[in-house]
Amino acid sequence: MRKINIKTIILLVMLLKRMVHTKCRGSTYPFSDIVRFKISDEQVPWNVCVPDYDPPEYNSKVLLNKPWADPPIGDCSFKPKWNELDGNINRKSHSGAYTVLNGRPLNPEGRTGIKGRGVLGKWGPNHAADPIVTRWKMEHNRKVINSTTNLPVLQFCAIQRKDCKQWALPGGMVDPGEKVSETLQREFLEEALNNMEASKDQSEIDTKMIKDFFKEGSEIYKGYVDDPRNTDNAWMETVAYNFHDENGHHVGKFDLKAGDDAQNVKWMDIDKHIDLYASHSNFIKTVVDKLKAHW
Ligand code: BGC
């Protein structure tokens, strides 16, 4: 009996540890030399008292007067409706209502060691969408089976981000008023097919193909993302969808070409060693389990 209890406790601790955000607690904030205030895993939750918590404030100058960015907090023209659909800006979090303290939204996952909104356009949640486009790895018209797990190897369409050079899903921000399904298609067309620079005819062919292929997708994840840009007052959330080409007849035909925020694109073999941007490896693992693929 005692043994079971200890095991359960260890499991719970491991689960809690896994859930604590880590990628937004690295020492230096991206694209800056601002060093985050150091906090331990235990100090992350807001309800744990950290009397000396005194993080630096950072708001990138890049955001000033940008049509896609909020004004600074305190600006008299800025009257956000937190936790609501504010005009066509979605200030609701997928994780439920967040706390607003002294006029600032609080990161629902806890402390990050930096206040302000860093380089994120919106205070509070910043919404993205990620398409996970998968196919089976084939050789001589047969699925490639991994000899250790005896399971077929899955591939996904990966892009290399221009900003940090890390491999990632070809996702992007949901534009104000845009439906997630539209963002998923637009981002894939822009980043994995370079639709913005394709000829009009090619662009029309690609758009039709993606529209048809993206009709059948399954939701893999919806919620907070452990993104290196997150701060105490601004954070990333996403909705990730899997679009799987079982027989390779649809995506197999795609002529992948990197565009927009992507500098490279490729079909990447999936296994437990993939190291991707933010929480993208976790989303991929969910797809792997669902499709019973090698990991
Ligand atoms: C990326 C998405 C990512 C999100 C959260 C966005 O900038 O384009 O792929 O899921 O940030 O990290």
So how long is each side of region 44-107 along the principal axes, counting just the alpha-carbon atoms, biggest first, in Å?
37, 28, 19
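Just flag the trypsin sites (Lys or Arg not before Pro) in region 163-249 sitting in loop per DSSP whose Cβ has no more than 13 other Cβ atoms within 10 Å. Before the final figure, lay out the partial values.
Values: sites: LYS165, LYS179, ARG186, LYS200, LYS208, LYS211, LYS215, LYS222, ARG229; in loops: LYS165, LYS179, LYS215, ARG229.
Answer by residue number: LYS165, LYS179, LYS215.
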Within region 209-295, report the GluC sites (Glu not before Pro) that DSSP leaves as loop and that have at most 14 other Cβ atoms within 10 Å.
GLU216, GLU246
Mind listing the long-range amide H neighbours of ILE220? Cut-off is under 5 Å, sequence gap 5 or more, other chains count too, H placed in the peptide plane at 1.01 Å from N.
ALA240, TYR241, ASN242
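Ignoring ligands, DNA and RNA, what percent of the 1.4 Å accessible area of region 181-295 is carbon and sulfur? Display every interim value, and only then the final one.
Details: 2490 of 5420 Å².
In region 181-295, the share of accessible area belonging to carbon and sulfur is 46 percent.
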Neighbour net charge for PRO67 - beta-carbon separation under 14 angstrom, K R +1, D E -1:
0
Please calculate how many Å² of accessible area the chain carries per residue, with a 1.4 Å probe and no DNA, RNA or ligand atoms counted.
55
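When DSSP beta bridges are limited to those with both residues in the chain, what percentage is antiparallel, rounded to the nearest 5?
65
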If packing is taken as the average count of other Cβ atoms within 10 Å, what order do 67-73, 125-131 fall into, highest mean first?
125-131, 67-73
At 1.4 Å probe size, what's the solvent-accessible area of ASP175? Round to the nearest 10 Å².
70
State the Cα centre-to-centre distance between region 251-273 and region 37-73 in whole Å.
33
What are the extents of the Cα atoms of region 156-295 along their three principal axes, listed from largest to smallest and rounded to whole Å?
45, 36, 27
Under a cut-off of 29 Å between alpha-carbon atoms, report the lysines in cross-link reach of LYS200, not counting same-chain residues fewer than 8 places apart.
LYS162, LYS179, LYS208, LYS211, LYS215, LYS253, LYS257, LYS266
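What value does the chain have for Rg/Rh, both radii from Cα atoms and Rh as Kirkwood defines it?
Details: Rg = 20.8 Å, Rh = 20.8 Å.
Using Cα coordinates only, the ratio equals 1.00.
The values are calculated or read from the model by the stated rules, or taken from the named source; none is laboratory data. Every value quoted in this text rests on a predicted model; they were computed, and no experiment measured them. Cβ atoms come from the backbone with ideal geometry, glycine included; neighbour counts cover every protein chain shown. Quick note on the areas: whole protein, heavy atoms, side chains included, nothing else; ligands and nucleic acids left out. Shrake-Rupley method; radii C 1.70, N 1.55, O 1.52, S 1.80 Å.
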